[in-house]
Amino acid sequence: MFPVLFTVGGAWVSSYGALGALGFTLAVIISVRQARRVGIPAARIIDLGFWILVAGLIGGRIVFAITNAEDFVDVCREAPSLASCTKVLQVWQGGLAWYGSLIGAVLFMVWWLRRQKLAVLPVMDVIVPGAALGHALGRIGCFAAGCCYGRVAAPGTPGALTARFGRGSLALLEGRQAGWATIWEDVTPPLYAVQLGEAALELCLGVALLLLLPRKRFHGQVVATWLLGYALGRAVIEHFRGDLSRGRLVGVSTSQWLALAMAGVGALLWAWGRRSSGSDHRAAPPPGPASPA
């Protein structure tokens, strides 16, 4: 675990923030390159990228606040003050839900593309591969920071699939609160390295989607493939997650329910795209003028 990438004087740069910024930059660069190949102006993608970042931050914070509402209320109740009662707004102190960021980004993207009179699915097909690769870097940042960690690994689990997190990590702090990490040791017991597992999932998906993009048979195929692939992988990974901020419904984590919803949307999008593209399943051209009667 390397939560601090480097220090300059009294200031420090976190690995999580640096890798997150690098991942976002990588996503924009890849999206711009792919957009140029299909005739979409690069400036539009760059503008969209900035606003997606803002919408993602807002959406991620809202979902994080909902799933941790009791904690924010307790902080305000125990020490009433402006700072403690507005802690939910203090995004700079950390606390974002990835699914919330995804929902916020997608909702804004659909609205923005329609407002700009750009076709939604073709542009999303262009953006998704870079977003997957950028997200892979972001998950490596989670590993470096010791957040979004896994459960205590079962005895006999290969060491390559586990990690131990030390002082300053959320894993050790929450592990002591939950009782599975001891107060006299400065590291956690071996935990499933779920952050690296998700990074590997997104890396594989990103590469596969880049290969699929020029070969797609209908608009939305790249998006649908990512939705199905990520949802399946995330549902499996969630089984090994161990961080405390996991909302649950009927014994199933919030993220697993959202993964199920993603898979459903992906399946519907795939079925709709194949049907609308014609019997040969190629990407459908834009409709032309109506033929004379």
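Bear in mind these aren't lab numbers, they're just calculated from the coordinates by the rules spelled out. Values in this document were obtained by computation on a predicted structure and should not be read as measured data. Counting neighbours? That spans all protein chains shown, and the Cβs are built from the backbone with ideal geometry, glycine included.
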Relative to the longest principal axis of the C-alpha atoms of the chain, give the angle of the C-alpha long axis of helix 42-67, reported between 0 and 90° and rounded to the nearest 10°.
40 degrees
How large is the Kirkwood hydrodynamic radius of region 28-154, in angstrom, based on all distinct alpha carbon pairs?
16.6 Å
Degrees between helix 254-276 axis and first principal axis of the chain (Cα, 0 to 90, nearest 10):
10 degrees
Quick one: give the max-minus-min coordinate of the C-alpha atoms of the chain along each principal axis, largest first, in Å.
82, 48, 43
Residues Ser31, Ser169, Ser253, sorted so that the one with the fewest Cβ neighbours within 10 Å comes first:
Ser253, Ser169, Ser31
Charge dipole (region 56-214, unit charges on Cβ, about Cα centre) - positive-most of Thr67, Leu137, Tyr192
Leu137
Rounded to 10°, Cα long-axis angle of helix 69-78 versus longest principal axis of the chain
40 degrees
